[in-house]
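> Pasting a structure here, questions to come.
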Amino acid sequence: MRKTTKITATVMFLMAIILQAQAAGSDWKLDPAHAGIYFEIDHIYAVTRGYFEEFDGKVIFDPDNLGGSIFDFKVEVDSINTGNSKRDGHLEGNEFFGARKFPVMTFKSTNVKKVEGDQYVVEGTLTVKDVSKTVSVPFTFFGIKQSPFDKDSEVAGFEARLAIDRLEYNVGNGKYYEMGVIGKDVDVLISFEATRKK
């Protein structure tokens with residue numbers, strides 16, 4: 001009986017090691033030089049575009065094990081860049097993002113599903129200022145290939161697009177929207193490469 005118990009415990013221990021190794025092998029590190037969070041929004045007749053310079057993310061993705069996949073991101077609000085420092089300061093202020101009180105925006109995934117082909121959807125909680133909402137973010141998984149710069153590393157590519165109603169997150173009180181100056185819907189593009197050791 002003791003021998004059987006020892007064998008069972010040994011098998012369970014080895015399985016745990018294998019599962020941990022598999023999970024670790026699915027951990028990806030963002031390549032900051034080839035990653036971006038971009039946005040655009042209507043302004044009267046023009047389109048204003050910008051991006052966030054400072055963000056980080058935890059990515060665990062295995063197309064054969066979506067149950068263990070994670071996409072968690074944190075964005076530094078005061079890193080916003082629209083190419084106009086006066087406008088950036090206005091956006092960081094209390095009338096919009098309130099960056100001093102709410103310095104980060106976050107997305108924490110809860111579920112990843114495959115739609116078809118290279119198309120997936122990640123569901124999770126998006127928090128902007130003091131508002132948290134469940135959102136579904138469609139994304140494209142471009143695949144995995146050996147890094148051209150390091151034969152011991154792999155590169156994966158991802159691209160996600162979504163539209164956010166900024167007023168639902170208290171980014172503005174609707175005054176400029178009612179004036180016909182600034183739209184309420186923000187189109188967001190998240191594009192990044194990630195790397196891992198083989």
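Taken together, the values in this text are just the output of simple stated rules run on the coordinates, not laboratory data. The shown structure was predicted, so the numbers you read here are calculated from the model rather than taken from an experiment. FYI the Cβ positions are ideal-geometry reconstructions off the backbone, even for glycines, and counts take in every protein chain you see.
> With a cut-off of at most 13 other beta carbons within 10 Å, and DSSP calling the residue loop, which trypsin sites (Lys or Arg not before Pro) in the range 33-115 qualify? Please list them. Don't jump to the answer; show the numbers that get you there.
Working: sites: R49, K58, K74, K86, R87, R100, K101, K108, K113, K114; in loops: R100, K101.
Within the range 33-115, the qualifying trypsin sites (Lys or Arg not before Pro) (loop, at most 13 other Cβ atoms within 10 Å) are R100, K101.
> Related question: Dividing the Cα radius of gyration by the Kirkwood radius, what Rg/Rh value follows for the range 46-96? Before the final figure, lay out the partial values.
Values: Rg = 15.9 Å, Rh = 13.2 Å.
Expressed as Rg/Rh, it is 1.20.
> Just to be sure I follow the definition: excluding the sites themselves, where is the longest run in the chain that has none of the chymotrypsin sites (Phe, Trp or Tyr not before Pro) in a DSSP loop with at most 12 other Cβ atoms within 10 Å?
Details: sites that count: Y45, F149.
Result for the longest clean stretch: 46-148.
> Next question. Residues of the range 146-179 with amide nitrogen under 11 Å from the 7 Å Cα-to-Cβ point of K133?
Answer for this model: 163-171.
> Shifting gears a bit: Would you please report the Å³ per residue occupied by the convex hull of the alpha carbon atoms in the chain?
Value for the chain: 162 Å³ per residue.
> In nm, to one decimal, how far is the modelled label at A35 from the one at K197, with both set 7 Å along Cα→Cβ?
It is 1.9 nm.
> Follow-up. For the range 57-145, which GluC sites (Glu not before Pro) are in a loop by DSSP, counting at most 16 other Cβ atoms within 10 Å? Numbers along the way, then the final one.
Details: sites: E76, E92, E95, E116, E123; in loops: E95.
Listed in order of number, the matching sites are E95.
> Then there is this: Among the trypsin sites (Lys or Arg not before Pro) in the range 145-187, which ones are in a DSSP loop with at most 11 other Cβ atoms within 10 Å of the Cβ? Mind listing them? Walk me through the numbers before you get to the answer.
Working: sites: K145, K151, R161, R166, K175, K184; in loops: K151, K184.
Passing both the DSSP loop test and the Cβ count: K151.
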